[in-house]
Amino acid sequence: MRANPSASSVSRRSLLRAIGGGAAVSTLAGCGVPAAYIGPGERAAGDRSRRDKSLTFANWPLYIDTDDDDSTKRPSLDAFEKRTGIDVRYTEEINDNDEFFGKVSPSLMNHQETGRDLIVISDWMCARFVRLGWVQEMDRTRQPNVTKYLDPLLRSPHFDPGRKHTVPWQSGITGIAYNKRRLGREIKQVSDLWADDLKGRITLLSGLDESFALLMQGDGVDITKWKAADFDRVCDRVEKLVASKHIRRFTGNDYIKDLSSGDVLACQAYSGDVIQLQADDPDIEFVVPEEGAELWAESLMIPNLARHKQNAERLIDYYYEPEVAAELAAWVNYVCPVPAARDVLASSKDNDLAALAEDPLIFPDDAMRKRLAIARDITSEERTDFAKRWNAIAGL
């Protein structure tokens, strides 16, 4: 386990942006095409787990611990294989949510196997899979660690009450990053971004699902039950800020470069990115605004007709052992969905690892946790019109 991954120069979430990449197939989920829905009785296949000790696990690049001396080795995964005898075929094939949706949707909507037993995608996309009936309900009797250790803040998102179909792999916060030295003052609220001294020096995230919740929170909206009128009000304000050139531009993760260079003084940002930026520039601050910030997750799911469901459930539960969760958290530096991992790191004799236990961007403290919320997801009925309006504003 290590505190400063080699991935620090290339944030994993920098690989997530490409909203238009799967627009054609995403429309299918957005419109809720009835023919695409798979009923509960048609989701399972004969489970080969007992006689075939294997599973296929599709994840994002740079999203699992690797050995310092040999990047082809993944210590936590290797330990699972040694303990259980289960061979894990691990692929880093997910580079964009929409792109991956397009890759697997033909199989899933036509009731065919995807060739994958376990996948990790962002919760806003997980919501589409769950609504379409494309993933299986997990057997929590096989997952005592998930039951015991999953962070209460993440236990019951709007799209999957009780997390029956999804389990967070890692979590994070969408807040505000800024250079305190260059700006010369503190940022405490979302409204601070609209001050005159930041005209032309701020950026917002370009993706609808990544950006809207924090902006609503700035208006005092409870994002767990926001309404269309709240969205329209945000868009009205952002349109005016674009017209006045207050907002410099809309970005993917290239905000990292803008903030580092000084071209931008403040921006919407992800907590995990800022941990990495602070290693090079301690003047960069991450703020959970007084009005609150969005807590999000990227979650594990078992696709329909997966042939190794029990093996997949076992792997998920393994990563919820506090010691294993601590090992993963120390490498990826996102918000750990297993709060009990904090004590594991705190007891480490390695000072760098012990310090991670005190980092509120990995283990949010009580004061920060009170300001975090999971946004209600955009429904299939809302998505088409909302995306059309937001994309026009953001220039997508």
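Things worth noting here:
- Sole residue being open to solvent by less than 10 Å² (accessible area, probe 1.4 Å) and part of a loop (DSSP other than H, G, I, E, B), chosen from Ile119, Ile94: Ile94
- Restricting attention to the stretch 97-116, the residues that are within 20 Å of the chain's Cα centre (by Cα) and either exposed (fewer than 14 other Cβ atoms within 10 Å of the Cβ) or of a type in the set (A, V, I, L, M, F, W, C) (or both) add up to 3.
- Among the residues making up the stretch 63-90, those that are open to solvent by 60 Å² or more (accessible area, probe 1.4 Å) and assigned to a loop (DSSP other than H, G, I, E, B) are Asp68, Asp69, Ser71, Thr72, Lys73.
- Condition met for Thr114 (assigned to a helix (DSSP H, G or I) and of a type outside the set (Phe, Trp, Tyr)): no
- Count of residues meeting criterion [open to solvent by 20 Å² or more (accessible area, probe 1.4 Å) and in contact (Cβ under 8 Å) with a residue 12 or more places away in the chain] in the stretch 255-274: 3
- Where Phe250 falls short, out of the listed (1) in contact with a Gly (Cβ under 7 Å, 6 or more places away or on another chain); (2) open to solvent by less than 30 Å² (accessible area, probe 1.4 Å): (2)
- Identification of strands (runs of 3 or more DSSP E) wholly contained in the stretch 197-294 with 1 or more residues that are farther than 21 Å from Pro360 by Cα and either in contact with an Asp or Glu (Cβ under 8 Å, 6 or more places away or on another chain) or among the small types (Gly, Ala, Ser) (or both) yields 202-205, 247-251.
- The helices (runs of 4 or more DSSP H) found entirely in the stretch 305-360 that carry 1 or more residues being within 30 Å of Pro106 (Cα to Cα) and touching a strand residue (DSSP E or B) at 6+ places or on another chain (Cβ under 9 Å) are 309-318.
- For the stretch 379-388, the criterion of being surrounded by fewer than 20 Cβ atoms within 10 Å (Cβ to Cβ), of a type in the set (Lys, Arg) and over 27 Å from Arg74 (Cβ atoms) is met by at least one residue.
The values are calculated or read from the model by the stated rules, or taken from the named source; none is laboratory data. From a predicted model like this one, the values you see are computed outputs, not experimental measurements. Counting neighbours? That spans all protein chains shown, and the Cβs are built from the backbone with ideal geometry, glycine included. Ligands, DNA and RNA are excluded from the accessible area calculation, which covers all protein heavy atoms including side chains. Shrake-Rupley method; radii C 1.70, N 1.55, O 1.52, S 1.80 Å.
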